[in-house]
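Peer 1: What follows is a single structure, and I will ask about it in a moment.
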Amino acid sequence: MTESENQLLTRVGPGTLMGKLMRQYWIPVLQSSDLPEPDGAPRRVRLLCENLVAFRNSAGKIGLVDQVCPHRCASLFFGRNEENGLRCLYHGWKFDVDGKCVDVPNEPPGSKFNEQIKITAYPCVEKNGIVWTYLGPQRDNPPPLPELGWALVAPQRRGALRYQRACNWLQAMEGDFDSSHLSFLHLAVDPKSQDTAAEKKAGIDYYRNIARMDKQPLLEVQDTDVGVMYGARRDAADGKFYWRVTQFLLPFYTSVPSYGGKNRDKIWVPLDDEHTMVWEPHWSSTRELSEDEQKGWKDRVAPSGFLPDTEDALGKHRFAANAENDYLLDRARQKNFNFSGLENTTPIQDGAMQESMGAICDRTQEHLGASDAAIVRMRRRLINAAKELYKNQVPPGVENPALYHKHGDQFLLGEKDSWAEHYAAKMKLDYAALVSR
Ligand code: FES
Ligand SMILES: [Fe+2]
């Protein structure tokens, strides 16, 4: 990959090509519970390299506005959230959720000065406990929300776990689109330490054993109408193939095969070029999750836990095992217990590898092999989608929310069966039930 392609793929600030692509799509920015009450505390938000403030006004509506007050540039984070607007502490200028300046109390009576003033405000929509925002050009007439499975279900059917990764969004997302590392990074040295009774019951140990035995799956990669998918084929017993189907959906969604009646999706929201908010909205279309499940898939949070949250825009959902402490790497654990020597939770293991590449991975240094075919295709799809913006093309999925009716899956098939056909038929059934509800 050339340096300029790497720049194109990774930079998401205003004016960059990838930034423009992402701004064509709605972006999940907060959970409703992050702004629990009308006139509650505003919150700093960093999103695609922009510094913003989110607040819920007296009527319960969410505003997402530029952090800088247009009077003399004080931060609106400190503002008073009152009577349907955010009032700057410095001289009292007040802005509503649409960015309109509704009061300029330090100007002479009768002044119409405020009518000339507006701050950037991005439209927000709250649905099923998710706050979406649209940073794009059609702010007065934004496209429909994407019909991702997790977004279609009530919050009680979905996991709420989020964690921050201190690296570029793309290398983080690529980790989830990489079936090959499962046979290494996440494996136990002693299988008994990993295959818990619950996992056995859910059938995961069966699949995991196949993955452990066969470290070179055959990848069949295909473009879809909204991204890329691949089937990773491994040999199973009785002449059958074990297929894992993984999805990448533009611009930053992935979905991996799951078990236990829940789907495993991830969202890789770029806060800026060097920080990513990872969401794990694992979800069920058929049942409410238990309170524990809603906190996140079991064992996703390491024993070391999280750092205390701060009010900084980058100060939330940070793991305690991080670059500063080498992710609590333990060499004895590496010898005797698991392959990585890290705490036995995949977000820590993935995070250590992805952040160790540097804040923005220098892809000119890579040597890609056959096992990286899916990642290569994903990058190509992103580059092409971004470049097509030049031709004024609407990016895939923006105006067709039903294209998002896809999630990761795994199954055993006979030698002659088509995994892609089997998969498509299954998704059609799954989402017909979900959308009709
Ligand atoms: S700087 Fe905000 S009102 Fe003056
Ligand atoms: Fe992983």
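Peer 1: When you check PHE177 against the structure, is it surrounded by fewer than 20 Cβ atoms within 10 Å (Cβ to Cβ), within 16 Å of ligand 2 (Cβ to nearest atom) and modelled with pLDDT under 95, yes or no? Can you show your working first?
Peer 2: Details: surrounded by fewer than 20 Cβ atoms within 10 Å (Cβ to Cβ): no; within 16 Å of ligand 2 (Cβ to nearest atom): yes; modelled with pLDDT under 95: yes.
Judged against the criteria, PHE177 is not a match.
Peer 1: In this structure, does GLY341 turn out to be part of a loop (DSSP other than H, G, I, E, B), of a type in the set (Gly, Ala, Ser) and closer than 17 Å to SER304 by Cα?
Peer 2: On the way: part of a loop (DSSP other than H, G, I, E, B): yes; of a type in the set (Gly, Ala, Ser): yes; closer than 17 Å to SER304 by Cα: yes.
Taking the combined requirement at face value, the residue satisfies it.
Peer 1: Any residue in region 69-80 that is away from ligand 2 (no atom under 16 Å from the Cβ) sitting within a Cβ distance under 6 Å of a residue that is not in a loop (DSSP other than H, G, I, E, B)? List the pairs, counting only those 6 or more apart or interchain.
Peer 2: Qualifying pairs under 6 Å: CYS69/LEU76; LEU76/VAL53; LEU76/LEU86; PHE77/ARG44; PHE77/VAL53; GLY79/LEU86; GLY79/ARG87; ARG80/ARG87.
Peer 1: Next question. Can you say whether LYS335 is surrounded by fewer than 16 Cβ atoms within 10 Å (Cβ to Cβ) and either touching a residue at least 40 places away in the same chain (Cβ under 8 Å) or within 16 Å of ligand 1 (Cβ to nearest atom) (or both), as far as the supplied structure shows? Working first, answer last.
Peer 2: Working: surrounded by fewer than 16 Cβ atoms within 10 Å (Cβ to Cβ): yes; either touching a residue at least 40 places away in the same chain (Cβ under 8 Å) or within 16 Å of ligand 1 (Cβ to nearest atom) (or both): yes.
So LYS335 passes the test.
Peer 1: Something else about it: Of the conditions (1) away from ligand 2 (no atom under 16 Å from the Cβ); (2) in contact (Cβ under 8 Å) with a residue 24 or more places away in the chain; (3) in contact with a Leu (Cβ under 9 Å, 6 or more places away or on another chain); (4) under 26 Å from HIS186 (Cβ atoms), LYS387 fails just one. Which one is it?
Peer 2: Here LYS387 meets the rest and fails (4).
Peer 1: Which of the residues belonging to region 33-65 are among the acidic types (Asp, Glu) and either closer than 21 Å to GLU274 by Cβ or within 16 Å of ligand 2 (Cβ to nearest atom) (or both)?
Peer 2: Restricting attention to region 33-65, the residues satisfying the condition of being among the acidic types (Asp, Glu) are 34, 37, 39, 50.
Residue satisfying the conditions is GLU50 alone.
Peer 1: Please determine whether any residue of region 323-334 is in contact with a Cys (Cβ under 9 Å, 6 or more places away or on another chain) and either away from ligand 2 (no atom under 16 Å from the Cβ) or in the same structural domain as PHE184 (by TED's automatic domain parsing) (or both). I'd like the intermediate steps shown before the answer.
Peer 2: Step one: of region 323-334, the residues in contact with a Cys (Cβ under 9 Å, 6 or more places away or on another chain) are none.
No, that holds for no residue.
Peer 1: Same structure, new question: If GLU126 satisfies every condition in (1) in a loop (DSSP other than H, G, I, E, B); (2) at pLDDT 95 or above; (3) assigned by TED's automatic domain parsing to the domain that holds PRO38 but one, which is the exception?
Peer 2: Result: GLU126 passes all but (1).
Peer 1: Moving on to the next point. Which residue is farthest from ligand 1 (Cβ to nearest atom), if the candidates are limited to region 66-103 and must be crowded, with 20+ Cβ neighbours inside 10 Å and aliphatic (A, V, I, L, M)?
Peer 2: Among residues in region 66-103 that are crowded, with 20+ Cβ neighbours inside 10 Å and aliphatic (A, V, I, L, M), the one farthest from ligand 1 (Cβ to nearest atom) is VAL97.
Peer 1: Six or more apart or on different chains, Cβ atoms under 8 Å: show the pairs whose first residue is in region 394-412 and touching a residue at least 40 places away in the same chain (Cβ under 8 Å) and under 16 Å from GLN138 (Cα atoms) and whose second is in a helix (DSSP H, G or I) and among the aromatic types (Phe, Trp, Tyr).
Peer 2: Between residues of region 394-412 that are touching a residue at least 40 places away in the same chain (Cβ under 8 Å) and under 16 Å from GLN138 (Cα atoms) and residues that are in a helix (DSSP H, G or I) and among the aromatic types (Phe, Trp, Tyr), the close pairs are GLY397/TYR404.
Peer 1: LEU145: closer than 30 Å to ALA433 by Cα, modelled with pLDDT of 95 or more and surrounded by 15 or more Cβ atoms within 10 Å (Cβ to Cβ), yes or no?
Peer 2: Numbers: closer than 30 Å to ALA433 by Cα: yes; modelled with pLDDT of 95 or more: yes; surrounded by 15 or more Cβ atoms within 10 Å (Cβ to Cβ): yes.
Yes: the conditions hold for LEU145.
Peer 1: Quick check: anything in region 105-117 within 20 Å of ARG46 (Cβ to Cβ), more than 16 Å from ligand 2 (Cβ to nearest atom), aliphatic (A, V, I, L, M) and not assigned by TED's automatic domain parsing to the domain that holds PRO251?
Peer 2: Within region 105-117, the subset within 20 Å of ARG46 (Cβ to Cβ) is none.
No, that holds for no residue.
Peer 1: Can you find, within region 104-119, the residue that is modelled with the lowest pLDDT among those that are within 15 Å of ligand 1 (Cβ to nearest atom) and assigned to a loop (DSSP other than H, G, I, E, B)? I'd like the intermediate steps shown before the answer.
Peer 2: Just the residues of region 104-119 that are within 15 Å of ligand 1 (Cβ to nearest atom), to begin with: 104-107, 111, 113-114, 116-119.
Retained after the next criterion (residues that are assigned to a loop (DSSP other than H, G, I, E, B)): 104-107, 111, 117, 119.
Working: VAL104: 95, PRO105: 94, ASN106: 93, GLU107: 92, SER111: 89, ILE117: 96, ILE119: 97.
Out of the qualifying residues, it is SER111.
The values are calculated or read from the model by the stated rules, or taken from the named source; none is laboratory data. Predicted, not measured: the structure shown is a model, and the values here were computed from it. Reconstructed Cβ throughout: ideal geometry from the backbone, glycine too, with neighbour counts over all protein chains shown.
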